[in-house]
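The values are calculated or read from the model by the stated rules, or taken from the named source; none is laboratory data. Just so it is clear, the structure is predicted and the values come from calculations on it, not from any experiment. Here Cβ is always computed from backbone atoms with ideal geometry, including for glycine, and neighbour counts include all displayed protein chains. Quick note on the areas: whole protein, heavy atoms, side chains included, nothing else; ligands and nucleic acids left out. Shrake-Rupley method; radii C 1.70, N 1.55, O 1.52, S 1.80 Å.
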Amino acid sequence: MSLPYTLLITPLPADAPDDGSWFTETFTEVDASEPALRVSELSTQRGDGVFETLSVVNGHAQEVQPHLARLARSAEICDLPAPNLAQWSAAISQ
């Protein structure tokens, strides 16, 4: 993997089974120089969305759990489906 690195995630329901082994099937690596927003993305049409950024230092994501908690809370505030935090954690690890 080279930087910059862009990973497109096909969201799973928050209550999807969490054995972690198949989450990578929901990830698609995207050329970082190419647009990564899907045409069917409703946030571009409705204005709903949640944006969370985390720092990576020496290859290690910083403060992952607080970021995931904030992501879930922001989705709740916006009346968006709850994110599958195990899936997002796996994506961050990848």
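A compact table of results
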| item | result |
| --- | --- |
| Accessible area in the full protein assembly, largest first, 1.4 Å probe, for F27, F51 | F51, F27 |
| From phi via Karplus (6.51, -1.76, 1.60), per-residue ³J(HN,Hα) for the stretch 71-84 in Hz, x at Gly/Pro | 4, 5, 5, 5, 4, 4, 4, 8, 6, 9, x, 5, x, 7 |
| Neighbourhood charge, 14 Å Cβ-Cβ cut-off, centred on H67 and excluding it, Lys, Arg +1 and Asp, Glu -1 | 0 |
